[in-house]
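Novice: Just passing along the structure, written as structure tokens.
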Ligand SMILES: *[C@@H]1O[C@H](CO)[C@@H](O)[C@H](O)[C@H]1NC(C)=O
Ligand SMILES: *[C@@H]1O[C@H](CO)[C@@H](O)[C@H](O)[C@H]1NC(C)=O
Ligand SMILES: [Zn+2]
């Protein structure tokens, strides 16, 4: 891979950082702000607001303390996140990846590769801080509120796609970057209309409105086309419902045709992806959708590399294309790259699928860092998660007796497929209407071939025969129990998540423990873009703007407002509401309901 990349003869970046140091030294000596600080007063406000004490001390003390002292310490002071001149921002989101996902995956990697316990993942080597994840409506966020914190820098309610709790649109860092002439991109392994990517280029009151999100993302909304490059899944929301097998739209609108009208080049398969020649042959703007819904989990995709590109392949393709397209501009690029399905593996409580998702993310991080090394424009990578999923634990008490301190990665290594794929294969088999004995044999074989489980009990197999509807959870649970991996939920949790960066000095504002909205603040500050101006433009252009829904009724362009009033203010989620007993009312007193 590195060999295929042109060597950049003269590295401008060192010159740029040299200029920066001169500027900063000047500022320190004279007490004047640098040019950057003058043109972006919000930066100062930002720093004060988040109370990044160290930086503030360095900046103000500069006026008083002797220059000599500073010259001796210039290498320890954090650089300003605001170099004069061109810059690129690669924002990476590991959806649903909490700290335990890393412990799980690291141990798995060591086991599988025969590495010592000191061996780290690539991402481990770039840890800089943690993010607190709560939304405005709950201590446990969803991906919509989580990504709104990144895109708008604002807390909102679970389900909000870049709208505030009062249902007004808030401008996003991507939209502001486009207005400032940056090139922009979104790369995901889920539907491109799913909450995380949607929050950068769409505004709707409910994340479920993916049909509307698709239209907005290709430019059918008040700002016009703002995304230069989209790669991922989610084709079904772009195809009219007349395409019966492949569409999941409620209406007959052809959003691929709409995208083409807006100027997009469109591709939808691996062969055409390969023709992009890792980005060298990619013509912007580009919409590339490689799956009807989600790109398969990496654990399954690795058997189908001729059908689906990997996250890493899509990421390096996007970086190359955006870098080339901005080469002669005085503005760089902003791209959001998401390891989308770490979250899904958490929802499925599937540890084997999860470790492969995290490893694929780690490989992507490695490729991004390599790309940055060869990028002539100053570039930073910041990576974080929107929330943890599953309440994952690298421990599980299987009996009432006090547990042994053990956790086994080997059952994860035995699995060749995800529980999702195993369940799908079972449901497909059921269409042949087998007898119970046949089902029993099929499942026993499948467990050995697909999950490497040779000690399945009759109870386990009979449960799969009896309740195929929950086969996915049953398969995942069989792997989890054997590895003694614990899960406390099929949903999200309120855990803090990690922040990583390629450059802790430039990302000094994110060192330590922060609110997720501070990640959003950092993104706009680093790019030096005016998100508030975009908010204003959206609100002016969008006032009274109506669109037709699929029933032909006029509705707000941001769609329906959720009826559930508690979405607006999370105070009612802060006190105990008797859920414990409700659960038994629903499922009966015999239900162990996770207790
Ligand atoms: C397809 O969408 C049209 C509206 O655009 C609607 O009238 C029709 O019922 C839909 N067909 C199906 C099969 O959902
Ligand atoms: C993993 O697979 C091997 C055979 O490939 C088998 O001997 C071993 O028992 C399996 N492990 C588990 C936990 O089932
Ligand atoms: Zn989720």
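Novice: How far apart, in nm, are two points set 7 Å out from the Cα along the Cα-to-Cβ line at residue 366 and at residue 398?
Specialist: With each label placed 7 Å out from Cα toward Cβ, I get 3.2 nm.
Novice: Continuing with the same structure: Given points 7 Å out from each Cα along the Cα-Cβ axis, report the residue 533 to residue 466 separation in nanometres with one decimal.
Specialist: The modelled label-to-label distance comes out at 6.5 nm.
Novice: Just report the Cα centroid separation between the stretch 459-494 and the stretch 525-543, whole Å.
Specialist: Taking the Cα centre of each part, the stretch 459-494 and the stretch 525-543 sit 45 Å apart.
Novice: Hey, another quick one. Which length gain, in nm to one decimal place, applies between residue 436 and residue 119 when the Cα-Cα distance is subtracted from 0.36 nm times their residue separation? Display every interim value, and only then the final one.
Specialist: Working: separation 317, 0.36 × 317 = 114.12 nm, distance 4.70 nm.
Full extension of this stretch gives 109.4 nm more.
Novice: Find the centroid of the Cα atoms in the stretch 90-138 and in the stretch 256-279, then give the distance between the two in whole Å.
Specialist: Going from one Cα centre to the other spans 33 Å.
Novice: Sort 496, 95, 343, 458 by Cβ crowding within 10 Å, fewest neighbours at the top.
Specialist: Ordered from fewest to most neighbouring Cβ atoms within 10 Å, 496, 95, 343, 458 come out as 458, 496, 95, 343.
Novice: May I ask you to compute the full-extension gain from residue 274 to residue 410, defined as 0.36 nm times their residue separation minus their alpha-carbon distance, rounded to one decimal in nm? Before the final figure, lay out the partial values.
Specialist: Working: separation 136, 0.36 × 136 = 48.96 nm, distance 3.50 nm.
Length difference between fully extended and current span is 45.5 nm.
Novice: Right, next: Report the calculated FRET efficiency for residue 481 and residue 513 (r = Cβ-Cβ distance, R0 = 45 Å), to the nearest 0.05.
Specialist: Details: r = 34 Å, r/R0 = 0.76.
Efficiency, rounded to the nearest 0.05: 0.85.
Novice: Can you compute the FRET efficiency between residue 252 and residue 505 using 1/(1 + (r/R0)^6), with r the Cβ-Cβ distance and R0 = 35 Å? Round to the nearest 0.05. Working shown, then result.
Specialist: Details: r = 53 Å, r/R0 = 1.51.
About 0.10, to the nearest 0.05.
Novice: Can you compute the modelled spin-label distance between residue 563 and residue 424, with each label point 7 Å from Cα toward Cβ, in nm?
Specialist: Roughly 3.4 nm, to one decimal.
Novice: Turning to a different aspect of this structure: If a/c stays under 1.5 just call it rounded; otherwise compare a/b with b/c (prolate if a/b is bigger, oblate if not). Do that for the stretch 410-483, with a ≥ b ≥ c from the square roots of the Cα gyration tensor eigenvalues. Provide the component values of the computation, followed by the final result.
Specialist: On the way: a/c = 1.75, a/b = 1.54, b/c = 1.13.
Verdict is prolate for the stretch 410-483.
Novice: If you don't mind, another one. Fully extended, how many nm does the chain gain between residue 260 and residue 329 (0.36 nm per residue separation, minus their Cα-Cα distance)?
Specialist: Working: separation 69, 0.36 × 69 = 24.84 nm, distance 2.49 nm.
Here the segment from residue 260 to residue 329 would lengthen by 22.3 nm.
Novice: Please work out the FRET efficiency for the pair residue 459 and residue 373, using the Cβ-Cβ distance as r and a Förster radius of 35 Å; give the result to the nearest 0.05.
Specialist: Values: r = 54 Å, r/R0 = 1.54.
Efficiency for this residue pair is about 0.05.
Novice: Once you sort the root eigenvalues of the Cα gyration tensor of the stretch 239-284 as a ≥ b ≥ c, which label holds: rounded (a/c under 1.5), prolate (a/b larger than b/c) or oblate (the other case)? Write out the running numbers ahead of the final one.
Specialist: Details: a/c = 4.93, a/b = 1.88, b/c = 2.63.
It comes out oblate by the Cα gyration axes.
Novice: Going by the alpha-carbon gyration tensor, a ≥ b ≥ c the square roots of its eigenvalues, is the stretch 163-292 rounded (a/c under 1.5) or, if a/c is not under 1.5, prolate (a/b greater than b/c) versus oblate?
Specialist: Numbers: a/c = 1.83, a/b = 1.14, b/c = 1.60.
Oblate.
Computed from the coordinates by the stated procedures, all read-outs in this text should not be read as laboratory data. Computed from a predicted model, the values in this text were never measured in an experiment. Quick reminder, even Gly has a Cβ in these numbers, built from the backbone with ideal geometry, and neighbours come from all protein chains shown.
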